[in-house]
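What follows is a short report on a single structure.
The values are calculated or read from the model by the stated rules, or taken from the named source; none is laboratory data. The model shown is predicted, which means the values in this text are computed figures rather than measured ones. Virtual Cβ from ideal backbone geometry, glycine too; neighbours counted across all protein chains shown. SASA here: full protein model, heavy atoms, side chains in, ligands and nucleic acids out. Shrake-Rupley method; radii C 1.70, N 1.55, O 1.52, S 1.80 Å.
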Amino acid sequence: MTKRIYIDPSIASSDITPESVFLNRRAFIKASSGTAASALCLSTALSSAGEPSKLIYKAAPDESLRVEQTPYDAITTYNNFYEFGTDKSDPARHADSMTTDPWTIKVGGLVDKPGELHLEDLMSGFDLEERIYRFRCVEAWSMVVPWIGFPLSALLERFAPRAEGRFVEFKTLYRRSEMRGTRSFTSVIDWPYREGLRLDEAMHPLTLMAVGLYGKTLPNQNGAPLRLVVPWKYGFKSIKSIVEINVTAEQPETSWQTLQPSEYGFYANVNPEVDHPRWSQRFERKLPSSIFKPNRVPTLPFNGYQEQVAGLYEGMDLRQFY
Ligand code: MTE
């Protein structure tokens, strides 16, 4: 696999959300000395539950591109994954009950070559890249996450979307026996969790299908084995544990918009100018944060990706299409 590293130049390494068990890359490079190959790949020994497999990095050309320390505790213990409960700690406690191997993703709708992808295809069938992205939740907290994945466009192109396709719909696994949140009487979502993008948003080079983070396969609580990451949109668009992708002509129904359309729009572009009806979106709490160190920072238009993506919305009233 070829190695491509994308690091947002405006994000300092020191800003990356800390991780406790980050692979000591130098030690690894020493251990694998002599391998000049610049491949970046995930271990094929995938675990379906429990400890995520380690990422194998071979020699990287620029040491400064690497984040060497930092734990991933915040990223993997403070989660939204309502299939496992609504408390931020629920996914880390309960998501291991989800079986992720075998895993099949059906790709269909308005495509010329409908078909399936399997776990093996995700891990070895695409060129994996590291993308260090800001991640901003609609609830006004944020992180900076070093994802491993591949552009969604690379996946879609394999299935040949038809000219009449204008949107892409995504669905999460819905397996009641393994997802205690879906069995809860207090559950508000009409399962399965659904999300959608316009086709041009889906094909944008920043739009990522993530299979790992911090050098390892995704932990279940972060959406194993495959999740969407759309860095300029609120986090609820970044649907986890995907099992179905359809190209459609009409705008698909999405979970949060269906549940509360006045609060959660289809577009959900990060926008400090448009408040959530119950709170301001001008600032965010950058994790990890505490009462003593709130780490409150201003929210950036399109979460800092304005230059790359604003063109997608030219002529649109972003207050109306929030
Ligand atoms: N995907 C599914 N299937 N179920 C969910 O509850 N929550 C969304 C999104 N994707 C969610 C989901 C929300 S609200 C956010 S903020 C992000 O996942 C959180 O991702 P993280 O837990 O990896 O930080």
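Any idea how far apart R198 and S97 come out in nm if each label point goes 7 Å out from Cα toward Cβ?
Going from the R198 label point to the S97 one covers 4.0 nm.
Multiply the residue separation of A249 and D127 by 0.36 nm, subtract the distance between their alpha-carbon atoms, and state the gained length in nm to one decimal.
On the way: separation 122, 0.36 × 122 = 43.92 nm, distance 2.90 nm.
That works out to 41.0 nm of additional length.
Specify which residue in the list L197, P151, A224 is farthest towards the positive end of the charge dipole of region 146-246, using unit charges on the beta carbon of Lys, Arg (+1) and Asp, Glu (-1), about the Cα centre.
A224
Please state the charge dipole magnitude for region 278-322, taken about the Cα centre, from unit charges on C-beta atoms (+1 on K and R, -1 on D and E), reported in debye and rounded to the nearest 20.
Numbers: 7 positive and 4 negative charges, 94 e Å.
I would put it at about 460 debye.
In nm, what is the difference between 0.36 nm times the number of residues separating R278 and D190 and their Cα-Cα distance?
On the way: separation 88, 0.36 × 88 = 31.68 nm, distance 2.27 nm.
That works out to 29.4 nm of additional length.
By a straight-distance test (C-alpha under 17 Å), which aspartates and glutamates pair with K237 as possible cross-link partners, with residues fewer than eight away in the same chain excluded?
E83, E139, E169, D190, E195, D200, E201, E253, E263
Within region 133-169, find all residues whose amide N lies under 14 Å from a label point positioned 7 Å from the Cα of M316 along Cα-to-beta-carbon.
Residues passing the 14 Å test: 166-168.
Tell me, what is the FRET efficiency for T86 and E307 to the nearest 0.05, using R0 = 45 angstrom and their Cβ-Cβ distance as r? Could you put the intermediate results ahead of the total?
Details: r = 36 Å, r/R0 = 0.79.
That gives a FRET efficiency of 0.80.
Using mean Cβ contacts within 10 Å as the protection proxy, how do 276-283, 233-240, 255-262 order, highest first?
Values: 276-283: 12.0, 233-240: 24.4, 255-262: 14.9.
Going from most to least packed, we get 233-240, 255-262, 276-283.
Counting only protein chains, not ligands or nucleic acids, how are V145, V188 ordered by accessible area (probe 1.4 Å), most first?
On the way: V145 0, V188 90 Å².
Of V145, V188, the descending order of accessible area is V188, V145.
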